[in-house]
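The values are calculated or read from the model by the stated rules, or taken from the named source; none is laboratory data. None of the values given here were measured: they were computed from a predicted structure. All Cβ positions, even for glycine, are placed from backbone atoms using ideal geometry, and neighbour counts span all protein chains on display. To get the accessible areas, we keep the full protein, side chains included, count just its heavy atoms, and leave off ligands, DNA and RNA. Shrake-Rupley method; radii C 1.70, N 1.55, O 1.52, S 1.80 Å.
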Amino acid sequence: MQEPLIRLQDVSKSFDGDIVLDELNLEIKENEFVTLLGPSGCGKTTTLRIIGGFTKPDAGHVYFDGKDITNLPPNKRQLNTVFQKYALFPHMNIEENIAFGLNIKRKSKEYIRDKVRYALKLVNLDGYETREVTSLSGGQQQRIAIARAIVNEPRVLLLDEPLGALDLKLRQDMQYELIRLKNELGITFIYVTHDQEEALTMSDRIVVMNQGYIQQMGTPENIYNEPENAFVADFIGDSNIIDGLMIEDRLVQICGVKIPCVDSGFGCNKPVDVVIRPEDVELSTDTSKGFLTGRVTSLIFKGVHYEMEVIAGGFEWLVQSTLCYPVDSEVGISVKPENIQIMNKPESADEKAVTPDA
């Protein structure tokens, strides 16, 4: 079994008496693309800063390649950080910006020149050495910030919401660029974002965080298709989360109707949360085909699909379909048993739920 490159053990951190991280444990393998995902204030950036050495934990330890680096300063760690605001030097041209770290290490001029050219080629900006920073677009500046980080040949690249300032098309282009760079360079990427699409697109593994706890860890497919709790289901993509009653194995009651599912082991007549993704809700103008009859109350065209809201069984269903059902249409609602996800109800609002790595 591969040993983790980075390991956080019982890491806690508070600011002004507010707990940001509470005994966090996390392992990251070499050459992984791991995304820390969660809402503002969940602790993801603090986790990244602790890994980078910019913030010291109140308790716990940080290990890198088996060695305790908890008290090691950032410049002594085998990693580089790319921030959202790029932090490029406006008084330096592109070559000088990229070469900054190498100059500090007193590398030769020939070595620096070769490394800068290589880094610019990797980020598809060949020939930009003498350009001024202010002449570049936001996307180009982001590429330069990445080139400045990778030119130092770090084993780990930390990225703190680096695409947040870019428009949608540039952000999508940069997502694919980062995946390509990771595969070409063999660097471990640790990426912080609150954007679910970014996390699902780029990651080998996603760590969903909330209120200083890890809620779930796993592959994008595992996180999306098998959420551990209502928070994860609601945060990753769109979900219909419905109060249910587990009648018995493979039979659940929602909106007063008993329907088959594939889950078992929850007991009998136990309250549960039922998660159904909008794309898994099937509508029909033949109301006899559904387990519920409802009425379409809103309709939005989203390009690749229609998004509708349907009132049925006292619940407002979110439905995504390539078929259009006009407002006020009466429809039958059905869901295949394998597309129904059953979850235990949390005992408290911030209950911890951790699943093993997928």
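Just one residue in the set PHE235, PHE291, PHE301 is modelled with pLDDT under 95 and hydrophobic (A, V, I, L, M, F, W, C); that residue is PHE235. Of all residues in segment 1-44, those that are crowded, with 19+ Cβ neighbours inside 10 Å and of a type in the set (S, T, N, Q) total 1.
Within segment 134-174, the set of residues being of a type in the set (D, E, K, R), in a helix (DSSP H, G or I) and more than 13 Å from ASN80 (Cβ to Cβ) comprises ARG143, LYS169, ARG171, ASP173. Out of ALA149, ALA165, one residue alone is among the hydrophobic types (A, V, I, L, M, F, W, C) and crowded, with 19+ Cβ neighbours inside 10 Å. It is ALA149.
Of all residues in segment 266-301, how many are touching a residue at least 40 places away in the same chain (Cβ under 8 Å) and aromatic (Phe, Trp, Tyr)? The total comes to 2. Among the residues of segment 20-47, those identified as in a strand (DSSP E or B) and under 14 Å from GLY60 (Cα atoms) are VAL20, LEU21, ASP22, GLU23, LEU24, ASN25, LEU26, GLU27.
Restricting attention to segment 152-161 and to residues that are open to solvent by less than 40 Å² (accessible area, probe 1.4 Å) and within 30 Å of SER108 (Cβ to Cβ), the residue that is modelled with the lowest pLDDT turns out to be ASN152. Screening HIS91 with (1) open to solvent by 90 Å² or more (accessible area, probe 1.4 Å); (2) in a helix (DSSP H, G or I) gives one miss only, at (2). Of all residue pairs spaced 6 or more apart or on separate chains, those with beta-carbon atoms under 9 Å, a first member in segment 47-61 that is small (Gly, Ala, Ser) and a second member that is in a helix (DSSP H, G or I) and crowded, with 17+ Cβ neighbours inside 10 Å are GLY60/ILE50. Just so you know, in segment 104-120 the residues that are closer than 20 Å to THR81 by Cα and open to solvent by 90 Å² or more (accessible area, probe 1.4 Å) include one that is modelled with the highest pLDDT, and it is TYR118.
When segment 275-301 is examined, which residues are found to be more than 12 Å from VAL335 (Cα to Cα), assigned to a strand (DSSP E or B) and open to solvent by 30 Å² or more (accessible area, probe 1.4 Å)? Within segment 275-301, THR293, ARG295, THR297, SER298, LEU299, ILE300, PHE301 qualify. Within segment 1-22, the set of residues being modelled with pLDDT of 95 or more and among the acidic types (Asp, Glu) comprises just one member, ASP10.
Do we find a residue being farther than 22 Å from SER203 by Cβ, in contact (Cβ under 8 Å) with a residue 12 or more places away in the chain and touching a Phe, Trp or Tyr at 6+ places or on another chain (Cβ under 6 Å) anywhere in segment 121-141? Looking for residues that are farther than 22 Å from SER203 by Cβ, in contact (Cβ under 8 Å) with a residue 12 or more places away in the chain and touching a Phe, Trp or Tyr at 6+ places or on another chain (Cβ under 6 Å), one finds at least one in segment 121-141, hence yes. Being under 10 Å from the mean Cα position of the chain (by Cα) and of a type in the set (Phe, Trp, Tyr) is the filter here; which residues of segment 153-204 pass it? Correct list: TYR191 only. When VAL304 is tested against (1) assigned to a loop (DSSP other than H, G, I, E, B); (2) touching a residue at least 24 places away in the same chain (Cβ under 8 Å), only condition (2) is not met.
Checked against (1) free of Cβ contacts under 8 Å to residues at least 40 places away in the same chain; (2) part of a strand (DSSP E or B); (3) polar (S, T, N, Q), THR70 passes all but a single condition, namely (2). Among the residues here, THR81 does not qualify as touching a Ser or Thr at 6+ places or on another chain (Cβ under 9 Å) and either surrounded by 15 or more Cβ atoms within 10 Å (Cβ to Cβ) or of a type in the set (Phe, Trp, Tyr) (or both).
Among the strands (runs of 3 or more DSSP E) confined wholly to segment 175-274, which include 3 or more residues that are more than 13 Å from LEU37 (Cα to Cα) and open to solvent by less than 60 Å² (accessible area, probe 1.4 Å)? In segment 175-274, the matching strands (runs of 3 or more DSSP E) lie at 240-248, 251-254.
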